[in-house]
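Novice: Below you'll find the structure I mean.
The values are calculated or read from the model by the stated rules, or taken from the named source; none is laboratory data. Quick caveat, the model's predicted, so the values are computed rather than measured. We place every Cβ from the backbone using ideal geometry, glycine too, and count neighbours over all the protein chains shown. Just the protein is used for accessible areas: all its heavy atoms, side chains included, with ligands, DNA and RNA removed. Shrake-Rupley method; radii C 1.70, N 1.55, O 1.52, S 1.80 Å.
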Amino acid sequence: MSAALFNDIELLPPDALFGIKQRYGQDQRTTKVDLGIGAYRDDKGKPWVLPSVKAAEKLIHGDSSYNHEYLGITGLPTLTSNAAKIIFGTQSNALQEDRVISVQSLSGTGALHISAKFFSKFFPDKLVYLSKPTWANHMAIFENQGLKTATYPYWANETKSLDLDGFLSAIQKAPEGSIFVLHSCAHNPTGLDPTSEEWVQIVDAIASKNHIALFDTAYQGFATGDLDKDAYAVRLGVEKLATVSPVFVCQSFAKNAGMYGERVGCFHLALTKQAQNKTIKPAVTSQLAKIIRSEVSNPPAYGAKIVAKLLETPELTEQWHKDMVTMSSRITKMRHALRDHLVKLGTPGNWDHIVNQCGMFSFTGLTPQMVKRLEETHAVYLVASGRASIAGLNQGNVEYVAKAIDEVVRFYATEAKL
Ligand code: PMP
């Protein structure tokens, strides 16, 4: 009987993040607040189509040569080449020396998937190091390709700061030539980034062990509102590792262009400076094309055309930069509003980390128990780890959320004393 073939297939629990989205959707309480998924919301709590994106779409629709033909296997060249410039910088030595390979991907996840496929094919024995904690999907993306993952210390819970010593010592202890997945800015979930000086130490340590750096760049423009500042770590890594090891970059336009569902991204590989690049570059490009062809045939075109228009039209690029400032500054304002309300309420604990962290998320320090009570008693939804998407806060709900946090913190503080 064919049904028997499936009898032993295990039922998996729903994805934690999308499970929150589902429960939130079904919640009838009018006061509900979604601080789960990392998607920008405006001050009315609504998804925001960036004015620069609207203008780009208008230009595309007005173009008489517009169509829905397939893209090439490696994607839209005006997207990939301009995307490389914004992450590596127009003055990048790697770009000027023609040693960067750029292909289009299904957003950041797709770029990570291409990396994982590439590693499993060419370096199956290398260990992939992920920060502890990291984005929930990282481990699955690499392990699904049969790669072994390990973690490096990142977040020191006691001090709510970077565990730099632990991080550096993990780099030193890792087998030579391991892969280190680094969040280039606005670390998810902690919202905590190394300082410029700390990045120098991290990259130097990586160089000293001939490790391979993979920069996951899902939030460029979200940490500071400035694309160049947010590309600091990637550019430092590409420069410092230029004679040591190749650098992988997985770039997403989901957040900074608000193109979440359109799946726009790029995979870039900066090769080291070496005479053999003339033959290595076409060989590696052909392998990447083979991976893409067998997985998705060719990447999606619509969002790619929009982002390419943003990047190649100076007036739209200017508007896009303003849009990123609009998003990042509203989030910063909400961080301050939440912290200030908690301070005013006298909520036990120190809440300064909420304003010191950057990007979309705050690692609040709330325990899984508190998060559960927040959801059940107050209809405030966040991830069990205590990660809150600050973009879900607005003038209309931030005080309510602060009061809800105050109640759960006091509830468990009192209970702990019993
Ligand atoms: N990396 C990190 C660290 C992320 O937080 C995300 C999105 N949550 C991604 C990659 C990928 O996102 P997407 O595939 O939507 O671009």
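Novice: Just the residues that are free of Cβ contacts under 8 Å to residues at least 24 places away in the same chain, in a loop (DSSP other than H, G, I, E, B) and within 21 Å of N188 (Cβ to Cβ), please, taken from the range 365-418.
Specialist: G386, the sole residue that qualifies.
Novice: Does A213 satisfy the criteria of being over 16 Å from the mean Cα position of the chain (by Cα) and small (G, A, S)? Give the derivation first.
Specialist: Working: over 16 Å from the mean Cα position of the chain (by Cα): no; small (G, A, S): yes.
So A213 fails the test.
Novice: Next question, about the same structure. Can you go through P282, P246 and tell me which one is open to solvent by 30 Å² or more (accessible area, probe 1.4 Å), in contact (Cβ under 8 Å) with a residue 24 or more places away in the chain and more than 16 Å from the ligand (Cβ to nearest atom)?
Specialist: Values: P282 fails: in contact (Cβ under 8 Å) with a residue 24 or more places away in the chain.
Result: P246 is the single residue among P282, P246 that is open to solvent by 30 Å² or more (accessible area, probe 1.4 Å), in contact (Cβ under 8 Å) with a residue 24 or more places away in the chain and more than 16 Å from the ligand (Cβ to nearest atom).
Novice: Given the conditions (1) away from the ligand (no atom under 12 Å from the Cβ); (2) open to solvent by 20 Å² or more (accessible area, probe 1.4 Å), and given that A174 satisfies all but one, which numbered condition is not satisfied?
Specialist: (2)
Novice: Here's another thing I want to ask about it. Could you grab me the full set of residues in the range 123-145 that are more than 15 Å from the ligand (Cβ to nearest atom) and without any contact (Cβ under 8 Å) to a residue 40 or more places away in the chain?
Specialist: Of everything in the range 123-145, those that are more than 15 Å from the ligand (Cβ to nearest atom) and without any contact (Cβ under 8 Å) to a residue 40 or more places away in the chain turn out to be P124, D125, E143, Q145.
Novice: Keeping to the range 249-279, report how many residues are touching a residue at least 12 places away in the same chain (Cβ under 8 Å) and within 16 Å of the ligand (Cβ to nearest atom).
Specialist: 19
Novice: Going residue by residue through the range 402-416, is there one that turns out to be acidic (D, E) and within 28 Å of the chain's Cα centre (by Cα)?
Specialist: Initially, the range 402-416 is screened for residues acidic (D, E), giving 406-407, 415.
After this cut, where a residue has to be within 28 Å of the chain's Cα centre (by Cα) as well, the list is none.
No: zero hits.
Novice: Just checking: which of the helices (runs of 4 or more DSSP H) contained wholly in the range 68-142 hold 3 or more residues that are within 18 Å of F215 (Cβ to Cβ) and among the hydroxyl-bearing types (S, T, Y)?
Specialist: 107-122
Novice: Moving on. Does the range 24-42 hold any residues that are within 30 Å of T326 (Cβ to Cβ) and either open to solvent by 100 Å² or more (accessible area, probe 1.4 Å) or modelled with pLDDT under 90 (or both), and which are they? Lay out the reasoning, then the answer.
Specialist: To start, the set of residues in the range 24-42 that are within 30 Å of T326 (Cβ to Cβ) comprises 24-25, 27, 29-42.
Once the filter is applied, which keeps residues that are within 30 Å of T326 (Cβ to Cβ) and either open to solvent by 100 Å² or more (accessible area, probe 1.4 Å) or modelled with pLDDT under 90 (or both), the range 24-42 yields T30, I37, G38.
Novice: Checking the structure you have, find out if any residue of the range 257-265 is within 30 Å of I73 (Cβ to Cβ) and charged (D, E, K, R). Before the answer, list the steps.
Specialist: Step one: list which residues in the range 257-265 are within 30 Å of I73 (Cβ to Cβ), which gives 257-265.
So of that shortlist, the ones also charged (D, E, K, R) come out as 262-263.
The answer is yes, given that some residue of the range 257-265 is within 30 Å of I73 (Cβ to Cβ) and charged (D, E, K, R).
Novice: Mind checking which residues of the range 53-91 are of a type in the set (S, T, Y) and in contact with a helix residue (DSSP H, G or I) (Cβ under 7 Å, 6 or more places away or on another chain)? Don't jump to the end; show me each part of the working.
Specialist: In the first step, residues of the range 53-91 are kept if they are of a type in the set (S, T, Y); the result is 64-66, 70, 74, 78, 80-81, 90.
Matches in the range 53-91: Y66, T74, T78.
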